[in-house]
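Working notes, structure below.
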Amino acid sequence: MIIVEAKLLHGSTYLAGEEVVCQLFFTNPSTPENSLRLSSDIETLAWSTAQIHCQCTLSNTSTVQSDLSQGQDGFNISVAPELTSFHPTRGERGITVMMTHPKILFCNIKLSPGEKAEYVYREKIPLANIPPTFRGGFVKYSYKLTIGTQRPDSAVSEIKIPFRVLTVDGMKEPSAYTDKQKVLAPSNPFLASDDNSSAEHSVRDIALQLLAEQSARKRNNCYNISNLHGKVARISLPKTSYKIGEDLSCTFDFSQATVQCLQVTVTLQSVEEVSERLKKEGERHTNTISHSNHQEFCLHMSRANIMLPIPLHITPSFNSDFVSLKWQLHIEFVTLTTHIPDQAPAESDTSSTLWHGVTDLDTETIHWHLPLTLLSTNPLQCGIIQSVKCDDLVQLD
């Protein structure tokens, strides 16, 4: 009996271009554990290999799949190969859109009772032309690391460890960034300068600096909202590009409004749309999902501030051969068609007045969408809230 254990050393979330490091242990136990029987014979393993792939699963009811015999990178739809061969997509539906070259960890090793062999698998995730991890209504992209191990004259045993991948638009290879290209963070006068101008920066450092630049506040964005009866409100946002995990803030100014607003509802929505080649006639082609919202009752208010958290588990904006994911701020105004006077002020400090709310109101609703761009963030932040399992084991009897 052999026990194979695998564990991702750097968590379950990675940026495109980063290196996945997996630690593997192959153990021949010498004492019974968890009711496993004792084996005193020397165990032999023929080989072990590892590979990363991205699988795309399409909805059967909403998309056309008859002409998709190959994925965007030319890989065939997953099939069921022989049990004695290694195939990382064994038993999975869909199209393989990305697959790294398999790496052989060892060939023909023997383990005595109580002996343990340790190996480390390293592989870089491709930087360009890959989608992020996404679980939509029409299309799903999932990344997995598969480790296959075979004993002589036996079927291949596999361990599959899922992980999350985030992409960064405009990201290049680390070697393309030098001090002559001002894409890195501003220089710090309190730190010693580095004379080595050709030093390579890590993928994560460069990506985080690009994300900071893309999500920086550049100018205030103001929008005037009106209906047939007049001006309703003025909306101000510091920016329209946010990293996931940030707080989205917006201000509603009613001081110059000629139409009274009773309530404002702000909702963060994702819009998933399949590509033209996958659209099926008679079926819906967009899928809109609400993720977080905030309501504010604003009658007789001159100003309202709303803070909306952007969840860390959602997928940033992206486009692929099969689907596009866009984000928007859905804002709903409930306005009054008849004016309600404000409460009259008290005649003196010692007196008071009583205001009775109106029992019946004639209202109208305005819907408005503001396009947003959501960006990736530091994978360490995503790992804090995710409970994805980073390790697994298999027993070879």
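Among Gln150, Gln70, Gln65, which is of a type in the set (S, T, N, Q), modelled with pLDDT under 95 and loosely packed, with under 14 Cβ neighbours inside 10 Å?
Values: Gln150 fails: loosely packed, with under 14 Cβ neighbours inside 10 Å; Gln65 fails: loosely packed, with under 14 Cβ neighbours inside 10 Å.
One residue alone meets the criteria, Gln70.
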List pairs: first in the range 160-175 and outside any strand (DSSP E or B), second of a type in the set (S, T, N, Q) and crowded, with 20+ Cβ neighbours inside 10 Å, Cβ under 6 Å, 6+ apart or cross-chain? Val168/Ser376
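Just need a number here: residues in the range 164-190 that are modelled with pLDDT under 80 and charged (D, E, K, R).
Taking the range 164-190 first, the residues modelled with pLDDT under 80 are 174-190.
Narrowing further to those that are charged (D, E, K, R): 179-180, 182.
Residues in the range 164-190 being modelled with pLDDT under 80 and charged (D, E, K, R): 3 in total.
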Does Arg234 qualify as being open to solvent by 20 Å² or more (accessible area, probe 1.4 Å), in a helix (DSSP H, G or I) and not hydrophobic (A, V, I, L, M, F, W, C)? no
How many residues are open to solvent by less than 20 Å² (accessible area, probe 1.4 Å) and of a type in the set (S, T, N, Q) if we restrict to the range 321-336? 2
Got a number for residues in the range 266-277 being open to solvent by 20 Å² or more (accessible area, probe 1.4 Å) and more than 16 Å from Leu372 (Cα to Cα)? 3
For the range 246-265, indicate whether the set of residues that are assigned to a strand (DSSP E or B), open to solvent by less than 40 Å² (accessible area, probe 1.4 Å), in contact with a Gly (Cβ under 6 Å, 6 or more places away or on another chain) and not charged (D, E, K, R) is non-empty. no
Filter the range 308-365 for residues that are small (Gly, Ala, Ser) and part of a loop (DSSP other than H, G, I, E, B); which is modelled with the highest pLDDT? Ser317
Of the residues in the range 104-147, how many are open to solvent by 40 Å² or more (accessible area, probe 1.4 Å) and touching a Pro at 6+ places or on another chain (Cβ under 8 Å)? 4
Collect the residues in the range 278-320 that are within 30 Å of Cys382 (Cα to Cα), of a type in the set (A, V, I, L, M, F, W, C) and either surrounded by 13 or more Cβ atoms within 10 Å (Cβ to Cβ) or within 19 Å of the chain's Cα centre (by Cα) (or both), keeping them in residue-number order. Ile289, Ile306, Leu308, Ile310, Leu312, Ile314, Phe318
Report, ordered by the first and then the second residue, all pairs with beta carbons closer than 8 Å, sequence separation of six or more or different chains, a first member in the range 241-254 that is among the basic types (Lys, Arg), and a second member that is part of a strand (DSSP E or B). Lys243/Leu374; Lys243/Leu375
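Scan the range 42-49 and tell me whether some residue there is in contact with a helix residue (DSSP H, G or I) (Cβ under 9 Å, 6 or more places away or on another chain), modelled with pLDDT of 65 or more, under 21 Å from Lys144 (Cα atoms) and open to solvent by less than 60 Å² (accessible area, probe 1.4 Å). Lay out the reasoning, then the answer.
Residues of the range 42-49 that are in contact with a helix residue (DSSP H, G or I) (Cβ under 9 Å, 6 or more places away or on another chain), as a first pass: none.
No, every residue in the range 42-49 fails to be in contact with a helix residue (DSSP H, G or I) (Cβ under 9 Å, 6 or more places away or on another chain), modelled with pLDDT of 65 or more, under 21 Å from Lys144 (Cα atoms) and open to solvent by less than 60 Å² (accessible area, probe 1.4 Å).
Is it true that Leu210 is hydrophobic (A, V, I, L, M, F, W, C), surrounded by 10 or more Cβ atoms within 10 Å (Cβ to Cβ) and modelled with pLDDT of 60 or more? Talk me through it step by step, then tell me what you get.
Details: hydrophobic (A, V, I, L, M, F, W, C): yes; surrounded by 10 or more Cβ atoms within 10 Å (Cβ to Cβ): yes; modelled with pLDDT of 60 or more: yes.
The answer is yes for Leu210.
The values are calculated or read from the model by the stated rules, or taken from the named source; none is laboratory data. Here the structure is a predicted model, which means the values were calculated and not measured. For neighbour counting, all protein chains shown are included, and Cβ atoms are generated from backbone atoms with ideal geometry for every residue, glycine included. These area figures cover heavy atoms from the full protein model, side chains too; ligands, DNA and RNA do not enter into them. Shrake-Rupley method; radii C 1.70, N 1.55, O 1.52, S 1.80 Å.
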